[in-house]
Amino acid sequence: MRGIRPEIYLAGRMSDVRDEARVNLDILLKLGQKVLEVLPGMLPRIAAGSYGLIIDALLGVGLSGEVRGVYKDIIALINGSTAPVLSVDIPSGLDATTGRVWGCCVRADTTITFVAKKKAMATEEGRRFCGSIIVADIGVPL
């Protein structure tokens, strides 16, 4: 990992992770990376951290309902941080198609999205939450 040891937080329990997310979690664990479960009641410990960068990969493009519970709390912590924020694909809480904010949304300084910009990135509200947008090629033809 080129000398960088990130702190990785998982919203929920590792035992609940399934499918492709489970495959990637297992890879991280086999690499010896510590993954910390984020459950209600432990958020103040996370907030005490001092970070040079926060990478938001909390919620994905399939979001279709109000952000609640621990997810809402984590988004508030991210938005209250002074660290720069990089969102992966779409800021958590933003509907990728409509640009609607589902209750709360990460305010990214930069969003790296894949293949092409999402429709939300063309809306006024969506642009406010995405910050600078970088489109990355992952080998999928348009």
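Tabulated data for the structure shown
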read-out: Flag if residue 73 is touching a strand residue (DSSP E or B) at 6+ places or on another chain (Cβ under 8 Å) and charged (D, E, K, R); value: no
read-out: Hits in the range 61-94 (condition: outside any helix (DSSP H, G or I), over 16 Å from residue 133 (Cα atoms) and not hydroxyl-bearing (Ser, Thr, Tyr)); value: 62, 63, 65, 66, 67, 68, 83, 93
read-out: Subset of the range 33-50 (residues that are over 30 Å from residue 100 (Cβ atoms) and either polar (S, T, N, Q) or surrounded by 13 or more Cβ atoms within 10 Å (Cβ to Cβ) (or both)); value: 33, 35, 36, 50
read-out: Hits in the range 35-59 - residues which are part of a strand (DSSP E or B) and in contact with a Lys or Arg (Cβ under 8 Å, 6 or more places away or on another chain); value: 37
read-out: Pairs, first closer than 15 Å to residue 44 by Cβ and without any contact (Cβ under 8 Å) to a residue 40 or more places away in the chain in the range 65-82, second part of a loop (DSSP other than H, G, I, E, B) and among the aliphatic types (A, V, I, L, M), C-beta under 7 Å, six or more apart; value: 78/106
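Residues are listed down the side, and each one gets a yes or a no for (1) surrounded by fewer than 20 Cβ atoms within 10 Å (Cβ to Cβ); (2) under 26 Å from residue 16 (Cα atoms):
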| residue | (1), (2) |
| --- | --- |
| 31 | yes, yes |
| 52 | yes, no |
| 71 | no, yes |
| 97 | yes, no |
| 123 | yes, no |
| 132 | yes, no |
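Since every read-out is calculated from the coordinates, none of them should be taken as a lab result. Computed from a prediction, not measured in an experiment: that's the story for all the values here. Heads up, the Cβs are rebuilt from the backbone with ideal geometry, glycines too, and the neighbour counts pull from every protein chain shown.
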